[in-house]
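A.B. asks: First the structure, which I've put down as structure tokens, then a few questions once you've had a look.
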Amino acid sequence: MNKIETNVIKPIVNMTVDSTEYRLIDEDVESLLDSNIGEVKSYIDENHGKGKSVEEKDNLYLESQKIWKKYTSSLDGAKYNFYLNKDQWKFITDLVLHKLEYDVNTVFFAIELRDLFDVMKSSKYSGNEYLPFKVNATEVTYIYHLISKHKVKGLTKDSYLFSEILLLIGNISKIFNYYDTTGKNLAADIQDWVATFEDGVEFESRKQVEEEL
């Protein structure tokens, strides 16, 4: 079997502003996802189906699917921290709630975000601190889809605020994409592992490949 050449590099999970770090994903959420990944990897590294009965092989596969689905469930439920200072908050809430024009392709995205932006709009800032707003991957995707065609004129304050929000969305998306791609790679690894239940087929795990690099 060919070695797996693609390695997914985990992105930075925080942002730094004026020497202060803000986590874009809470430590407990990150720990849960990483633990779920480790559980899948350990299971397929430590179990094999050669010489086992059909029923035993089926049970191995079903258990691997159970563990993998636990990971995807954790990922589906993961929330990310959309950190905004007062100026960024005012810019994005005014943009989405009042300034953007919606058509048949975007109006339903905007409606899906209504509850989130109602919460954001009701938030109170005491200064220019950064407040975290909990968002899931779908909400981040919808926000980007809505604002991506927005235009700002000139190199003004709004231009900088717009760029800062786009960078924040990009950084959150990198974290989700890492975990999403890892989940897809694990699914492929499971299928390759199941193939080794038959005689003459070998499986080299991603862990083994990484150790050899």
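The values are calculated or read from the model by the stated rules, or taken from the named source; none is laboratory data. Note that the structure is a prediction, hence the values are computed from the model and not measured. Reconstructed Cβ throughout: ideal geometry from the backbone, glycine too, with neighbour counts over all protein chains shown. Just so you know, the surface numbers come from the protein's heavy atoms only, side chains and all, with ligands and any DNA or RNA stripped out. Shrake-Rupley method; radii C 1.70, N 1.55, O 1.52, S 1.80 Å.
A.B. asks: Could you state the angle between the C-alpha long axis of helix 54-76 and the longest principal axis of the C-alpha atoms of the chain, as a value from 0 to 90 degrees rounded to the nearest 10?
C.D. replies: 10
A.B. asks: Can you give me the angle between helix 27-46 and the longest principal axis of the chain, using Cα atoms only, in degrees from 0 to 90, rounded to the nearest 10?
C.D. replies: 20
A.B. asks: Pairs to check: LYS153/LYS174; LYS66/LYS134; LYS10/LYS124; LYS121/LYS174; LYS99/LYS124. Give those whose C-alpha atoms are more than 30 Å from each other in this structure.
C.D. replies: Working: LYS153/LYS174 28 Å; LYS66/LYS134 28 Å; LYS10/LYS124 34 Å; LYS121/LYS174 26 Å; LYS99/LYS124 21 Å.
With Cα atoms farther than 30 Å apart: LYS10/LYS124.
A.B. asks: Loop sites only, by DSSP: take the GluC sites (Glu not before Pro) in the chain that have at most 13 other C-beta atoms within 10 Å and name the longest stretch containing none of them.
C.D. replies: Numbers: sites that count: GLU5, GLU101, GLU129, GLU198, GLU202.
The answer is 6-100.
A.B. asks: Can you tell me the accessible area per residue over segment 64-183, all protein chains present, probe 1.4 angstrom, in square angstrom? It would help to have the intermediate numbers written out before the result.
C.D. replies: Details: 6750 Å² over 120 residues.
Per-residue accessible area for segment 64-183 comes out at 56 Å².
A.B. asks: At 1.4 Å probe size, with the rest of the protein present, what percent of the exposed accessible area of the chain is carbon and sulfur atoms?
C.D. replies: 51
A.B. asks: Going 7 Å from the Cα of ASP26 along its beta-carbon direction, which residues of segment 67-111 have the amide nitrogen within less than 18 Å of the resulting point?
C.D. replies: 73-84, by backbone N distance to the label point.
A.B. asks: Can you give the Rg to Rh ratio of the chain, both from alpha-carbon atoms, with Rh computed by the Kirkwood formula?
C.D. replies: Values: Rg = 21.9 Å, Rh = 20.0 Å.
So for the chain, dividing Rg by the Kirkwood Rh gives 1.10.
A.B. asks: Starting from segment 1-83, pick out the trypsin sites (Lys or Arg not before Pro) whose DSSP state is loop and whose Cβ has at most 12 other Cβ atoms within 10 Å.
C.D. replies: Working: sites: LYS3, ARG23, LYS41, LYS50, LYS52, LYS57, LYS66, LYS69, LYS70, LYS79; in loops: LYS3, LYS50, LYS52, LYS79.
Passing both the DSSP loop test and the Cβ count: LYS3, LYS50.
A.B. asks: Where Rh is the Kirkwood radius over the Cα pairs of segment 86-161, the temperature 4 °C and the viscosity 1.567 mPa s, what D in µm²/s does Stokes-Einstein return? Mind showing how you got there, number by number?
C.D. replies: Numbers: Rh = 13.4 Å.
In µm²/s, the coefficient is 97.
A.B. asks: At R0 = 35 Å, how high is the FRET efficiency between GLU198 and ILE9 if r is their beta carbon distance? Nearest 0.05 is fine.
C.D. replies: Details: r = 33 Å, r/R0 = 0.94.
E(calc), rounded to 0.05, equals 0.60.
A.B. asks: Rounding to the nearest 20 debye, state how big the charge dipole of the chain is about its Cα centre with +1 on each Lys and Arg Cβ and -1 on each Asp and Glu Cβ. The partial results should precede the final answer.
C.D. replies: Values: 26 positive and 37 negative charges, 234 e Å.
Dipole size: approximately 1120 debye.
A.B. asks: Separate question: I want to make sure I understand the PRE zone here: with the label point 7 angstrom from the Cα of ASP118 toward its beta carbon, which residues in segment 73-99 have backbone N atoms less than 16 Å away?
C.D. replies: Within reach of a label on ASP118, which here means backbone N under 16 Å from a point 7 Å along Cα→Cβ, segment 73-99 contributes 97-98.
A.B. asks: A follow-up question, please. Farthest toward the dipole's positive end in the chain, which of ASN36, ALA78, SER159, given Cβ charges of +1 (Lys, Arg) and -1 (Asp, Glu) about the Cα centre?
C.D. replies: Farthest along the dipole direction, towards plus: SER159.
A.B. asks: A follow-up question, please. Given 0.36 nm per residue, what is the gain on full extension from ASP18 to ASP45 after removing their alpha carbon distance, in nm? Write out the running numbers ahead of the final one.
C.D. replies: Numbers: separation 27, 0.36 × 27 = 9.72 nm, distance 4.36 nm.
Taking 0.36 nm per residue and subtracting the Cα distance, the gain is 5.4 nm.
A.B. asks: Still on this model: For the chain, what does the relative contact order come out to in percent, with C-alpha contacts under 8 Å and a separation of six or more?
C.D. replies: On the way: 189 pairs, mean separation 73.0, N = 213.
Relative contact order here is 34 percent.
A.B. asks: Ok, one more. Quick one: plug the Kirkwood hydrodynamic radius of segment 1-86 (C-alpha pairs) into Stokes-Einstein at 10 °C, 1.306 mPa s, and report D in µm²/s. Present the calculation step by step, with values, prior to reporting the outcome.
C.D. replies: Details: Rh = 16.0 Å.
This corresponds to a translational diffusion coefficient of 99 µm²/s.
A.B. asks: Same structure, new question: Could you check what % of the DSSP bridge pairs in the chain are antiparallel, to the nearest 5?
C.D. replies: On the way: 9 of 9 bridges.
So the antiparallel bridges in the chain amount to around 100 percent.
A.B. asks: Mean residue ellipticity at 222 nm from the helices of the chain, using -39,500 (n - 2.57) per DSSP H segment of n ≥ 4 over the full residue count, to the nearest 500 deg cm²/dmol? Write down the numbers at each step before the final one.
C.D. replies: Values: 8 runs with 124 residues, N = 213.
One gets -19000 deg cm²/dmol as the mean residue ellipticity at 222 nm.
A.B. asks: Let me ask something else. Work out, step by step, the length gained on full extension between PHE108 and SER163: first 0.36 nm times the residue separation, then minus their alpha carbon distance; give nm to one decimal. Walk me through the numbers on the way to the answer.
C.D. replies: Details: separation 55, 0.36 × 55 = 19.80 nm, distance 2.46 nm.
Answer, rounded to one decimal: 17.3 nm.
A.B. asks: By how many degrees, 0 to 90 and rounded to 10, does the Cα axis of helix 157-195 deviate from the longest principal axis of the chain?
C.D. replies: 10
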